[in-house]
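Student: Once you've had a glance at the structure underneath, I'll fire off some questions.
The values are calculated or read from the model by the stated rules, or taken from the named source; none is laboratory data. What you see is a predicted model, and the numbers here were worked out from it, not measured in a lab. Here the Cβ positions follow ideal geometry from the backbone for every residue, glycine too, while neighbour counts run over all protein chains shown. SASA here: full protein model, heavy atoms, side chains in, ligands and nucleic acids out. Shrake-Rupley method; radii C 1.70, N 1.55, O 1.52, S 1.80 Å.
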Amino acid sequence: MTELTQNPAIGSAATDDSNAGHPMWSSRLAFILAASGSAVGLGNIWKFPYITGENGGGAFVLVYLLCIALIGIPIMVAEVAIGRRGGRSPINSMRQLAARDGLSKRWVWIGGMGMIASFLILSFYSVIGGWALSYVGNSAGGLFVGASSDSIGALFGNLLSDPYTLLLWHSVFMVLVIMIVARGVSSGMEKAINILMPILFGLLLVMVGYAMSTDSFAAGFQFLFTPDFSKLTTEGVLTALGHAFFTLSLGMGVMMAYGSYLPKNVSIVKTAFTVSILDTAVALLAGLAIFPLVFANGMEAGAGPGLIFQTLPIAFGQMPGGVFFGTLFFILLVVAAVTSAISLLEPVVEWFEEQKGISRRKGALIGGLSIWALGITTILSLNEWSGFHPLGMFERFEGKTIFDLLDYVTANLMMPLGGLFIALFVGWFMSKQAAENELSIGNGFAFKLFMFILRFITPAAVLVVFVYNLM
Ligand code: PFF
């Protein structure tokens with residue numbers, strides 16, 4: 001097992017060509033696996049379908065896809081490029097690059113804000129990961145077999161109303177994540193992702209196949225892909241933008257950290273496209289598996305965060321081999337969630353190591369336990385504190401629980417803001433030569449187009465969505 005001191009999500013360390021002592025990914029594939037492991041997670045399978053349902057379907061999906069193409073992919077390229085050029089943890093990569101080009105030290109705040117966002121996101125991410133864990137047991141125990149949509153709804157309702165059960169699963173999830181990060185992710189983890197991701201993909205295809213066998217597949221398909229702009233609000237556009245960042249793990253330094261291990265001869269542009277397309281495909285497949293079931297069972301598309309937990313079990317309860325497929329599905333969902341969660345704990349642990357000289361083990365424990373404690377506020381938001389809306393006096397935050405606020409502030413504000421600064425940094429501040437070197441697509445049309453998007457389109461899009469929402 002290879003253990004690393006900064007970012008552990010690496011298999012075998014190959015030779016280093018820029019930063020002495022800083023290990024490198026064993027191959028382009030290794031990077032793609034780790035980056036996809038971070039990107040593909042609850043965001044794709046849990047969050048994408050439910051926010052699509054809440055925001056009326058097609059038009060929202062279209063805006064989301066535009067955000068991925070015009071904002072997400074360019075920012076991923078920029079973020080990985082900063083990481084590879086800096087060759088260190090996000091905060092120190094920013095410090096290094098800013099110093100090299102004679103820029104303000106304040107750029108390190110991109111790394112700092114990302115670390116805070118990681119901390120906040122993981123606190124609720126782990127609670128949802130806990131839901132998935134508890135559903136492994138539900139499925140294996142045959143609880144879905146022949147169950148009506150009402151009883152499946154009740155099963156989920158019971159879980160949410162019980163803070164102790166939620167706490168138990170949230171704790172199990174966090175312990176798993178802390179243990180992996182404390183040890184440093186082994187090459188075994190890389191191999192596991194390599195095998196499990198394709199299985200998850202295949203299983204989603206099986207689920208889509210099942211959805212096709214219901215008579216509501218056309219309705220589900222239409223809901224996802226026929227835009228009805230009358231259903232799209234400005235808030236919906238902000239949600240789509242925020243989700244593009246969330247689902248690709250952008251704007252907070254995670255991709256920067258991963259990029260710092262990328263060998264110089266690997267194309268960042270190609271790699272960013274691969275990861276983004278894979279991530280988007282998983283989300284769309286999840287949507288195609290879920291919405292036909294929603295309509296076939298007369299359920300509410302806007303049912304909220306419980307959507308997948310209230311729809312997929314119906315399918316598992318009816319299809320042949322459903323206990324097996326259902327159990328496998330929730331196990332894979334947990335794995336996808338864990339590989340994302342480790343990329344969220346990592347920046348916190350790195351910061352402890354670099355700034356406080358605290359060992360990886362201790363850092364993972366202290367960071368993980370603090371995040372676990374904050375997660376309790378999300379658990380209580382689902383039951384005892386569901387009527388507690390701390391910022392309810394502002395119209396924008398009306399009816400939002402602590403859980404809703406954590407999600408909103410990180411995905412809709414902090415991540416796009418981080419991404420905006422990353423785009424500005426590479427587009428306007430980092431030397432053009434440096435950008436050319438990192439992108440290595442020459443300095444012809446493709447490069448000029450990319451820089452144009454990064455300098456103008458990406459920042460303008462983020463700003464326009466922000467300003468509209470503030471008004
Ligand atoms: N991209 C992950 C998902 O879609 O589930 C969530 C996530 C991971 C967000 C890592 C941010 C991050 F830095």
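Student: Listed residues 375, 363, 298; which is open to solvent by less than 10 Å² (accessible area, probe 1.4 Å), over 15 Å from the mean Cα position of the chain (by Cα), modelled with pLDDT under 95 and small (Gly, Ala, Ser)? So that I can check it myself, show each step before the final result.
Tutor: Working: 375 fails: modelled with pLDDT under 95; 298 fails: open to solvent by less than 10 Å² (accessible area, probe 1.4 Å).
Every option except 363 fails the conditions.
Student: Right, next: For the stretch 137-174, which residues satisfy the criterion of being of a type in the set (A, V, I, L, M) and either within 23 Å of residue 301 (Cα to Cα) or surrounded by fewer than 15 Cβ atoms within 10 Å (Cβ to Cβ) (or both)?
Tutor: In the first step, residues of the stretch 137-174 are kept if they are of a type in the set (A, V, I, L, M); the result is 140, 143, 145, 147, 152, 154-155, 159-160, 166-168, 172, 174.
The answer is 145, 147, 152, 154, 155, 159, 160, 168.
Per-residue answers, yes or no, for (1) part of a helix (DSSP H, G or I); (2) within 16 Å of the ligand (Cβ to nearest atom):
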residue	(1), (2)
107	yes, no
110	yes, yes
128	yes, yes
146	no, no
160	yes, no
179	yes, no
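Student: Further question: Kindly indicate the residue of the stretch 54-86 that is open to solvent by less than 10 Å² (accessible area, probe 1.4 Å) and among the charged types (D, E, K, R) and also farthest from the chain's Cα centre (by Cα) among those meeting that condition.
Tutor: 84
Student: It is to be established whether one or more residues within the stretch 87-101 are closer than 30 Å to residue 300 by Cα and open to solvent by less than 10 Å² (accessible area, probe 1.4 Å).
Tutor: First, pick out the residues of the stretch 87-101 that are closer than 30 Å to residue 300 by Cα: none.
Scanning the stretch 87-101 turns up no residue that is closer than 30 Å to residue 300 by Cα and open to solvent by less than 10 Å² (accessible area, probe 1.4 Å).
Student: Could you tell me which of the residues 151, 134, 36 is in a helix (DSSP H, G or I), polar (S, T, N, Q), out of contact with any strand residue (DSSP E or B) (no Cβ under 7 Å at 6 or more places or on another chain) and closer than 24 Å to residue 254 by Cβ? Even if it seems obvious, please write down each step before you answer.
Tutor: Details: 151 fails: closer than 24 Å to residue 254 by Cβ; 134 fails: closer than 24 Å to residue 254 by Cβ.
Just a single option satisfies the conditions, and that option is 36.
Student: Checking the structure you have, find out if any residue of the stretch 268-280 is buried (at least 21 other Cβ atoms within 10 Å of the Cβ), touching a Lys or Arg at 6+ places or on another chain (Cβ under 9 Å) and closer than 30 Å to residue 159 by Cα.
Tutor: no
Student: For residues that are open to solvent by less than 10 Å² (accessible area, probe 1.4 Å) and among the aromatic types (Phe, Trp, Tyr), scanning just the stretch 26-53, find the one that is farthest from the ligand (Cβ to nearest atom).
Tutor: 31
Student: Further question: With (1) over 25 Å from the mean Cα position of the chain (by Cα); (2) surrounded by fewer than 17 Cβ atoms within 10 Å (Cβ to Cβ) as the list, and residue 389 as the residue in question, which single condition is left unmet?
Tutor: Condition (2) is where residue 389 drops out.
Residue-wise test of (1) touching a Pro at 6+ places or on another chain (Cβ under 9 Å); (2) crowded, with 22+ Cβ neighbours inside 10 Å; (3) of a type in the set (A, V, I, L, M).
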{"residue": "317", "(1), (2), (3)": "no, no, no"}
{"residue": "332", "(1), (2), (3)": "no, no, yes"}
{"residue": "336", "(1), (2), (3)": "no, yes, yes"}
{"residue": "344", "(1), (2), (3)": "no, yes, yes"}
{"residue": "358", "(1), (2), (3)": "no, no, yes"}
{"residue": "368", "(1), (2), (3)": "no, yes, no"}
{"residue": "385", "(1), (2), (3)": "no, no, no"}
{"residue": "415", "(1), (2), (3)": "no, yes, yes"}
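Student: Let me ask something additional. Provide a single number: the residues in the stretch 251-280 that are outside any helix (DSSP H, G or I) and within 17 Å of the chain's Cα centre (by Cα). Break it down stepwise before answering.
Tutor: Initially, the stretch 251-280 is screened for residues outside any helix (DSSP H, G or I), giving 251-253, 260-267.
With within 17 Å of the chain's Cα centre (by Cα) added as a condition, the list becomes 251-253.
Of the residues in that region, 3 qualify.
Student: Taking the stretch 251-277, which residues are of a type in the set (Val, Ile, Thr) and more than 9 Å from the ligand (Cβ to nearest atom)?
Tutor: Step one: of the stretch 251-277, the residues of a type in the set (Val, Ile, Thr) are 254, 266, 268-269, 271, 274-275, 277.
266, 268, 269, 271, 274, 275, 277 - these are the residues of the stretch 251-277 that are of a type in the set (Val, Ile, Thr) and more than 9 Å from the ligand (Cβ to nearest atom).
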